[in-house]
1. State the number of residues belonging to region 1-11 that are touching a Gly at 6+ places or on another chain (Cβ under 9 Å) and farther than 11 Å from ILE42 by Cβ.
2. Output the qualifying pairs, or none if there are none: Cβ atoms under 7 angstrom, residues six or more apart or on different chains, first residue in region 43-70 and under 28 Å from ILE2 (Cα atoms), second residue at pLDDT below 90 and in a helix (DSSP H, G or I).
3. Within region 19-42, which residues are within 11 Å of ASN7 (Cβ to Cβ) and among the aliphatic types (A, V, I, L, M)?
4. Take LEU9 and decide whether it is over 15 Å from the mean Cα position of the chain (by Cα) and assigned to a helix (DSSP H, G or I).
5. Looking at VAL44, VAL59, can you tell me which residue is of a type in the set (Val, Ile, Thr) and within 12 Å of the chain's Cα centre (by Cα)?
Amino acid sequence: MIQVIANALAWIVVAPLLDILIYAEPANKVFTQGFFAFLGNIIVVGILGTLLALGYAKVGGKSSSLSKED
């Protein structure tokens, strides 16, 4: 959920506003680009994040061969 919020702020708000201020780009163009960049990032984060979490759960969930010393 944090990734969704952070990507939304970055790609739908901050990046388009800076493009308008710095490069004088048309507002409708940069907000459309920002929205599609947001969607692309969320899809990638969702897929790769899920795969990484599943991989970590398999590796991190196993007990180690270490034992506690007395």
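1. 1
2. Pairs found: VAL45/GLN3.
3. ALA37, LEU39, ILE42
4. Criteria not met by LEU9.
5. Values: VAL59 fails: within 12 Å of the chain's Cα centre (by Cα).
Being of a type in the set (Val, Ile, Thr) and within 12 Å of the chain's Cα centre (by Cα) holds for just one of VAL44, VAL59, which is VAL44.
The values are calculated or read from the model by the stated rules, or taken from the named source; none is laboratory data. Since the structure is predicted, the reported quantities are computational estimates derived from the model, not experimental observations. As a convention, Cβ positions derive from the backbone with ideal geometry for all residues, glycine included, and neighbour counts pool all protein chains shown.
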